[in-house]
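Chemist: Quick one: this structure, given as structure tokens, is what I'll be asking you about.
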Amino acid sequence: MVTEKSKLFFQRITELCSGNPRIAILMSGKGSNAKAILEQRFRYSNLDFIALMTNKAISNAKLLADAFNLLYVLVEDQLVASREEFFSMMSEELRCLNVQMLIYAGFMKITPASFLAEFPGINMHPADLTICGENGQPKYVGMNAVSDVIRDRQLSTASTLHVVEEVVDFGIPIAISSRMPLSGTGTESPKEVHNAMKINCEH
């Protein structure tokens, strides 16, 4: 179910992309998606990549920022007392850089609506968010999406580029990747499938 907030976030992203929005990439881990995006950034002449931002000092954000000549921003969530304080600090850093839009590349934090209203973003999710359950809502959401697809013995899977919403993985789908075949036996390793999806669906 598409919410009014998601429609507003989508509209804002569309408006920004008609110009040259200043972009920060958010990541928490190894950053394979962030690296793939930056290696292909010549394809996105309308986007001005400014910074790599992370909530984990052990992530590869600093290495990637140096490699691609971007600013590196660290706001460690474990050093902050509350979620509200963390996103307040994030907002301050983004405002200082005049960032207008975010790309989520394995950023493992749930973002509040107030943050998204100021800094709309897009995310790649490792499942097809157009597949809905009986309730009409996306069926394969959250951290266990890949495992759930395998458990349901789906014959293929895909990744979804979508608007970031405060409800995890409920934002408007923008694009679906090429589909990757599965055995339909429910026996695959979720980790191996996810790693294959990064190469075949996401990068």
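Chemist: Looking at the range 118-127 only, could you name the residues that are assigned to a strand (DSSP E or B) and open to solvent by less than 10 Å² (accessible area, probe 1.4 Å)?
Modeler: Our first condition is that a residue be assigned to a strand (DSSP E or B); within the range 118-127, this holds for 121-125.
Matches in the range 118-127: Gly121, His125.
Chemist: Is there a residue in the range 48-62 that is of a type outside the set (Gly, Ala, Ser), in contact (Cβ under 8 Å) with a residue 60 or more places away in the chain and closer than 20 Å to Glu202 by Cβ? So that I can check it myself, show each step before the final result.
Modeler: Going residue by residue through the range 48-62, those that are of a type outside the set (Gly, Ala, Ser) are 48-50, 52-56, 58, 60, 62.
If we keep only those that are in contact (Cβ under 8 Å) with a residue 60 or more places away in the chain too, we end up with none.
Looking through the range 48-62, none of the residues is of a type outside the set (Gly, Ala, Ser), in contact (Cβ under 8 Å) with a residue 60 or more places away in the chain and closer than 20 Å to Glu202 by Cβ.
Here's the yes/no breakdown for (1) surrounded by fewer than 18 Cβ atoms within 10 Å (Cβ to Cβ); (2) within 28 Å of Pro120 (Cβ to Cβ):
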residue	(1), (2)
Val146	no, yes
Leu155	yes, no
Ala158	no, yes
Val164	no, yes
Ser178	yes, yes
Pro190	yes, no
Glu202	no, yes
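Chemist: Looking at (1) over 24 Å from Pro126 (Cα atoms); (2) open to solvent by 20 Å² or more (accessible area, probe 1.4 Å), which is the one condition that is false for Val73?
Modeler: Tallying (1) over 24 Å from Pro126 (Cα atoms); (2) open to solvent by 20 Å² or more (accessible area, probe 1.4 Å), Val73 fails exactly one: (2).
Chemist: Could you please give the count of residues in the range 133-142 that are surrounded by fewer than 13 Cβ atoms within 10 Å (Cβ to Cβ) and modelled with pLDDT of 90 or more?
Modeler: Adding up the residues that qualify gives 0.
Chemist: Within the range 82-92, how many residues turn out to be in a loop (DSSP other than H, G, I, E, B) and either open to solvent by 100 Å² or more (accessible area, probe 1.4 Å) or in contact (Cβ under 8 Å) with a residue 40 or more places away in the chain (or both)? Spell out how you get there, then give the answer.
Modeler: Keep residues of the range 82-92 that are in a loop (DSSP other than H, G, I, E, B), which gives 82.
Cutting the leftovers down to either open to solvent by 100 Å² or more (accessible area, probe 1.4 Å) or in contact (Cβ under 8 Å) with a residue 40 or more places away in the chain (or both) gives us none.
Counting residues in the range 82-92 that are in a loop (DSSP other than H, G, I, E, B) and either open to solvent by 100 Å² or more (accessible area, probe 1.4 Å) or in contact (Cβ under 8 Å) with a residue 40 or more places away in the chain (or both) gives 0.
Chemist: Considering only the range 93-117, state which residues are open to solvent by less than 30 Å² (accessible area, probe 1.4 Å) and either closer than 20 Å to Lys35 by Cα or not in a loop (DSSP other than H, G, I, E, B) (or both).
Modeler: Leu94, Val99, Met101, Leu102, Ile103, Tyr104, Ala105, Phe107, Ala113, Phe115, Leu116
Chemist: Filter the range 27-42 for residues that are farther than 12 Å from Leu64 by Cβ and not in a helix (DSSP H, G or I) and give the result.
Modeler: Ser28, Gln40
Chemist: Which members of the range 37-63 meet the condition of being over 15 Å from Phe107 (Cα atoms) and open to solvent by less than 20 Å² (accessible area, probe 1.4 Å)? Working first, answer last.
Modeler: Kept after step one, since they are over 15 Å from Phe107 (Cα atoms), are these residues of the range 37-63: 38-50, 63.
Across the range 37-63, the qualifying residue is only Leu38.
Residue-by-condition table, conditions (1) loosely packed, with under 13 Cβ neighbours inside 10 Å; (2) in contact with a strand residue (DSSP E or B) (Cβ under 6 Å, 6 or more places away or on another chain); (3) part of a strand (DSSP E or B):
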position	(1), (2), (3)
Lys5	no, no, no
Asn20	yes, yes, no
Asp66	yes, no, no
Gln78	yes, no, no
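Chemist: Consider only pairs whose beta carbons are under 6 Å apart and that are at least six residues apart or on different chains; among these, list those whose first residue lies in the range 145-160 and is farther than 13 Å from Ser183 by Cα and whose second residue is among the polar types (S, T, N, Q).
Modeler: Ala158/Ser177; Ser159/Ser177
The values are calculated or read from the model by the stated rules, or taken from the named source; none is laboratory data. Just so it is clear, the model here is predicted, and its values are computed rather than measured. Note: ideal-geometry Cβ built from the backbone for every residue, glycine included; neighbour counts use all protein chains shown. The accessibility values were calculated without ligands, DNA or RNA, using every heavy atom of the protein model including side chains. Shrake-Rupley method; radii C 1.70, N 1.55, O 1.52, S 1.80 Å.
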